[in-house]
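The values are calculated or read from the model by the stated rules, or taken from the named source; none is laboratory data. Nothing here was measured: the structure is a model prediction, and the numbers come from that model. We place every Cβ from the backbone using ideal geometry, glycine too, and count neighbours over all the protein chains shown. For the accessible areas, the whole protein counts, side chains as well, though only heavy atoms, and no ligand, DNA or RNA atoms are used. Shrake-Rupley method; radii C 1.70, N 1.55, O 1.52, S 1.80 Å.
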Amino acid sequence: MPQTRLLSADAPDIAAAAALLAAGGRVAFPTETVYGLGADARNDRAVAGIFAAKQRPSFNPLIVHVADAAAVRDLVEMSPEAAALAAAFWPGPLTLVLPLRQGSGIAPLVTAGLTTLGVRVPDHPIAQALLRAYAGPVAAPSANLSGRISPTEATHVRDGLGGRIEAIVDGGSCGVGVESTIVGFDADGTARLLRPGGIPIEAIEAALGTALLTAKGAGITAPGQMESHYAPRGQLRLNATEARPGETLLGFGPVTGDLTLSASGDLHEAAAALFRQLHALDASGAARIAVAPIPEHGLGRAINDRLRRAAAPRP
Ligand code: TXA
Ligand code: MG
């Protein structure tokens, strides 16, 4: 079992984190969405180490992180539609699933054998510093045990993965708080939403100039999307306007609750608070959690997606 080093974001520690990645180690680092668990995307053993640390039961494909769009072009084929979204939203919380380039050097375990690769350029100074210091593609799922709540603070990572990974770079709280929006493309260039996330669907449609289709019924699938996920230990009840006996109420806007995602009903604030509040409810031992209704627009779609998964029957 590795002893997990806690690193800061100063230059010597970023250099140490990059050296650990180069040596095949697992390093958790902050992004603007959630903390990622990074490893060298060209090293099969290092990538296997991510699956082992997270106890991911099946080999779902991982997102590869690089410092800029130029580095993305070495890995995948960029269609005009993809280039338009990259120009509009990178660096930022958008993942594009694109055809893997021949000779990219990406370990087959990263794509779980698919011919496509999920790529993203994170908008976070520490993620950027680490990616530039390492100067290579970094595969990184969220830095939580499989099926558990995603981490938005270094302490969340340490509580879930301490003793299972080589290092954690502490960068404070993640600003966006929900994972990236994932978009894939049909052969004719049609964009499809694979996961709602930190970039609202409305903004992507505005950049594309067309509607964003959903993955339903399409050839493209996002493996792992159907699992119960993001789950606290307690049972969740959604769209609650008041607590029933024995429930802890997580509020939003006019629904006050025992704690709240955003008292003012702000969806950005609610996204940033979502996983932190679910971690807090977990830590408090809440057995039954009621959650106020969240409007289904903007970041509300990503929040509701995560809440529905958290409330889904457990495997
Ligand atoms: O914001 C994020 O995206 C965070 C941070 C760390 O960057 N990462 C993240 O990774 O959420 P993860 O592994 O928890 O979720 C990645 C999702 C999975 O559901 C996976 O199935 C999907 O992306 N995915 C990855 N590559 C894919 C591919 N080639 N085709 C379809 N889905 C893919
Ligand atoms: Mg995840």
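Points worth noting:
- For G198, distant residues with modelled amide H under 5 Å away: S180, T181
- The chain - mean residue ellipticity at 222 nm from DSSP helices (-39,500 (n - 2.57) per run, n ≥ 4, rounded to 500): -9000 deg cm²/dmol
- Solvent-accessible surface of the stretch 235-311, averaged per residue with a 1.4 angstrom probe and all protein chains in place: 44 square angstrom.
- Here the Karplus relation 6.51 cos²θ - 1.76 cosθ + 1.60, evaluated at θ = phi - 60°, turns the backbone of the stretch 162-168 into coupling constants of x, x, 10, 9, 7, 7, 10 Hz, with x for every Gly and Pro.
- Backbone geometry of the stretch 119-132 corresponds, through the Karplus equation with coefficients 6.51, -1.76 and 1.60 at θ = phi - 60°, to 3J(HN,Hα) couplings of 10, 8, 10, x, 9, 8, x, 6, 4, 4, 4, 5, 5, 6 Hz, x marking Gly and Pro.
- Residues of the stretch 1-18 with amide N under 18 Å of the 7 Å Cα→Cβ point at D74: 18
- Computed in the context of the full set of protein chains, the accessible area of the stretch 5-214 at 1.4 Å probe radius has 55% of its extent on carbon or sulfur.
- Prolate/oblate/rounded label for the chain (Cα gyration tensor, a/c 1.5): oblate
- Extended-chain gain in nm, criterion 0.36 nm per residue less alpha-carbon gap, A23 and D266: 83.2 nm
- Protection-proxy order for peptides 99-109, 36-46, each taking the mean of Cβ atoms within 10 Å per residue, highest first: 36-46, 99-109
- GNM top mover of P30, P245, P200 - the chain, alpha-carbon springs below 10 Å: P245
- With every protein chain in place, the stretch 237-315: carbon and sulfur % of accessible area (1.4 Å): 53 percent
- Three-way shape label, the stretch 269-315, alpha-carbon gyration tensor, a/c 1.5: oblate
- Taking P61, P125, P80 in turn, the Gaussian network model of the chain (Cα-Cα springs below 10 Å) assigns the largest fluctuation to P80.
- Choice from A292, A127, A28 with maximal GNM fluctuation in the chain (Cα, 10 Å cutoff): A292
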